[in-house]
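The next block holds one structure in the form of structure tokens; read it before the comments.
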Amino acid sequence: MIFIRRLPQFDYVAPRTLWEASSVLAERKSEAVLMAGGTDLLPKMKKREATPRYLVSLKNVPGLAYIKEDKGALKIGPMATIHDVESSPVIAGKYAILRDTSLVFASAQIRNLATVTGNLCNAAPSADMASPLIALGATLSLSGPQGGRTIPLEKFFTGPFTNSLGEGELVAEIQAPQPQPHTGGVYIKHSIRNAMDHAIVGVAVVLTLDGSDVCKDVRIALGACAPTPVRAAEAEKALKGNKLTKAAIDKAAKAAVSAAQPRSDPEYKREMVQVLTARALNQAWQIAR
Amino acid sequence: MKQIINLKVNGVAHQVETDTRRTLLEVIREHLGLMGTKKGCDEGDCGACTVLLDGKPVNSCLVLAIEAQDKPITTIEGLASNGKLDPIQEAFVANGAFQCGFCTPGMVMAAKGLLNENPHPTQEEATRAIAGNLCRCTGYLRFVEGIQQAAKAKV
Ligand SMILES: Cc1cc2nc3c(=O)[nH]c(=O)nc-3n(C[C@H](O)[C@H](O)[C@H](O)COP(=O)(O)OP(=O)(O)OC[C@H]3O[C@@H](n4cnc5c(N)ncnc54)[C@H](O)[C@@H]3O)c2cc1C
Ligand code: FES
Ligand code: FES
């Protein structure tokens, strides 16, 4: 039995810049926790699963809620919410896979608070924004006391609810390259009630055709079927450079199963990976044409 | 850590002295005495605590009161004006869209948030807008019908 109580005591820290936020984190070490929308963190604190001495909130840093396209890449600021993704004209075009994802993400009330960056940093194996962004080839700009670095999103996750951020490090921006022409992206979230539930299995596909039906490039990412979101490399290999057919897609979907290492319900999840990968590939093929 | 915070709720400015760890829900109910906003789960699942922050629906149990300063807040008490109910409230009454009523304020605020952004929602959009609001009594259908009726009444 887990009791929900009022929030525990903490000192509220309101930095005005990302740099200041990262300095406080570096100085206070494990006593400090960063907060964006708070939809993961505040429930954890009410359950006493997290009891930070210092709560370092990004809400007072101006200018972090942007979603824009710049130098041929999508850029998402650390305070951009799921609702911002849902309503962004930049996303609605080439990055529609992210809009489709926002539509199956929690509730309207949560989407107005929850950030995309918080979803990635919380590092739930089922995090809905993770696999579509991996499929888009996203990278993260991190900044910390030692300076900045860039890391591919698929390398960011280290286990269930853990990530590769160092002491004092934070995510300063999410970036994704502009998809090439003839690209289609699909995210399928399999859950019990669709809304408000965590994904049982999530499959994201971003597929590029060469102008005909030949698969020029494809990225497939799976959520909730391994300790972290993962890429289905075998399935990608089976398709890249080959002509798309129903049989080729079925073969790739079968290969996708090898990437799944489910922590629970392994047989069911493996089966669903195969079914949903085939479905997502077929849909992405239609969109890309 | 006690702090003075300034909140603008239903058009009225309030100054309260409270602990930084208090949620907006706790301050609305316990300091301002506005009991229309309900506490159900206290963790974002039920929607009973829904208020509008800057016109958008949020779970007030997941917002720190100190972070709701400088933004207009609307609770269920702020919807009726000059003794006249909001069209959503009218439509819910006309439709019998409640039984025990515990979920009603959150449901109405979620509907209000939707119509603020999208004055003519489809049935699917109306259903999606209240997906984060639990009701143990009704079958949800009457809320959806009520929302669409309110949207028509507004034009
Ligand atoms: C009712 C409910 C329904 C939900 N439904 C879904 C769902 O359908 N799909 C889904 O994927 N999730 C869901 N969630 C989980 C949650 O809403 C998301 O993971 C959300 O995106 C987290 O973002 P946040 O801004 O609220 O994060 P926060 O709670 O503020 O932070 C989460 C974690 O990320 C860290 N963090 C935040 N920003 C940064 C940064 N810039 N740099 C470094 N670290 C950072 C924080 O320290 C914290 O550890 C749900 C949660 C609730 C309560
Ligand atoms: S009390 Fe806030 S969502 Fe249930
Ligand atoms: S009317 Fe009773 S919970 Fe909705």
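Values for this structure:
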{"quantity": "Index of the failed condition, A:V218 passing every other in (1) within 30 Å of B:D45 (Cα to Cα); (2) open to solvent by less than 20 Å² (accessible area, probe 1.4 Å)", "calculated": "(1)"}
{"quantity": "Per-region count, the range A:68-100, residues in a strand (DSSP E or B) and either in contact with a Gly (Cβ under 7 Å, 6 or more places away or on another chain) or without any contact (Cβ under 8 Å) to a residue 12 or more places away in the chain (or both)", "calculated": "2"}
{"quantity": "Filter result for B:A97 (away from ligand 1 (no atom under 16 Å from the Cβ), in the same structural domain as B:E145 (by TED's automatic domain parsing), touching an Asp or Glu at 6+ places or on another chain (Cβ under 9 Å) and assigned to a loop (DSSP other than H, G, I, E, B))", "calculated": "yes"}
{"quantity": "Inter-residue pairs, beta-carbon under 8 Å, first more than 7 Å from every other protein chain (Cβ to nearest Cβ) and in the range A:35-49, second among the hydroxyl-bearing types (S, T, Y), 6+ apart", "calculated": "A:M35/A:S57; A:A36/A:T115; A:A36/A:T117; A:G37/A:T81; A:G37/A:T115; A:M45/A:T51"}
{"quantity": "Residue list for the range B:30-48, restricted to those being under 15 Å from B:F102 (Cα atoms), within 13 Å of chain A (Cβ to nearest Cβ) and not small (G, A, S)", "calculated": "B:T37, B:K39, B:C41, B:D42, B:D45, B:C46"}
{"quantity": "From the options B:A131, B:A126, residue that is under 17 Å from A:Q109 (Cα atoms), without any contact (Cβ under 8 Å) to a residue 40 or more places away in the chain and not in a loop (DSSP other than H, G, I, E, B)", "calculated": "B:A126"}
{"quantity": "Complete set of residues in the range A:171-227 that are under 16 Å from the mean Cα position of the chain (by Cα), aliphatic (A, V, I, L, M) and in a loop (DSSP other than H, G, I, E, B)", "calculated": "A:A199, A:I200, A:A224, A:A226"}
{"quantity": "Candidate set from the range A:2-23 (those that are aromatic (F, W, Y) and more than 10 Å from every other protein chain (Cβ to nearest Cβ)); member that is least open to solvent (accessible area, probe 1.4 Å)", "calculated": "A:F3"}
{"quantity": "Single match in A:T245, A:T208, A:T228 (criterion: open to solvent by less than 50 Å² (accessible area, probe 1.4 Å) and closer than 18 Å to A:I287 by Cα)", "calculated": "A:T208"}
{"quantity": "Among (1) among the aliphatic types (A, V, I, L, M); (2) within 14 Å of chain A (Cβ to nearest Cβ); (3) open to solvent by 40 Å² or more (accessible area, probe 1.4 Å), the one test that B:A153 misses", "calculated": "(2)"}
{"quantity": "Single unsatisfied condition, B:G33 versus (1) touching a residue at least 12 places away in the same chain (Cβ under 8 Å); (2) assigned to a loop (DSSP other than H, G, I, E, B)", "calculated": "(1)"}
{"quantity": "Criterion: in a loop (DSSP other than H, G, I, E, B) and more than 16 Å from ligand 1 (Cβ to nearest atom) - qualifying residue of B:P119, B:P105", "calculated": "B:P119"}
{"quantity": "Failed criterion for B:E30 (all others in (1) acidic (D, E); (2) in contact with a strand residue (DSSP E or B) (Cβ under 9 Å, 6 or more places away or on another chain); (3) surrounded by 16 or more Cβ atoms within 10 Å (Cβ to Cβ) hold)", "calculated": "(3)"}
{"quantity": "Criterion violated by A:I134 - all others in (1) more than 10 Å from the chain's Cα centre (by Cα); (2) in a helix (DSSP H, G or I) satisfied", "calculated": "(1)"}
{"quantity": "Close pairs from the range B:82-107: first open to solvent by less than 90 Å² (accessible area, probe 1.4 Å), partner more than 16 Å from ligand 3 (Cβ to nearest atom), Cβ under 6 Å, at least 6 apart", "calculated": "B:D86/B:L79; B:P87/B:A150; B:P87/B:A153; B:P87/B:K154; B:I88/B:K112; B:I88/B:A150; B:A91/B:Q149; B:A91/B:A150"}
{"quantity": "Subset of the range A:101-122 (residues that are free of Cβ contacts under 8 Å to residues at least 40 places away in the same chain, in a loop (DSSP other than H, G, I, E, B) and more than 7 Å from chain B (Cβ to nearest Cβ))", "calculated": "A:F105"}
{"quantity": "Hits in the range B:131-147 - residues which are farther than 18 Å from B:L79 by Cα and either open to solvent by 40 Å² or more (accessible area, probe 1.4 Å) or of a type in the set (V, I, T) (or both)", "calculated": "B:L134, B:R136, B:C137, B:T138, B:G139, B:Y140, B:L141, B:R142, B:V144, B:E145"}
{"quantity": "Selection status of A:F161, open to solvent by 30 Å² or more (accessible area, probe 1.4 Å) and of a type in the set (A, V, I, L, M, F, W, C)", "calculated": "yes"}
{"quantity": "Residues that are crowded, with 21+ Cβ neighbours inside 10 Å and within 14 Å of chain B (Cβ to nearest Cβ), drawn from the range A:171-205", "calculated": "A:K189"}
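The values are calculated or read from the model by the stated rules, or taken from the named source; none is laboratory data. Note that the structure is predicted; figures quoted are calculated from it, not measured. Note that each Cβ is placed from the backbone with ideal geometry, even for glycine, and that neighbours are counted across all protein chains shown. The accessibility values were calculated without ligands, DNA or RNA, using every heavy atom of the protein model including side chains. Shrake-Rupley method; radii C 1.70, N 1.55, O 1.52, S 1.80 Å.
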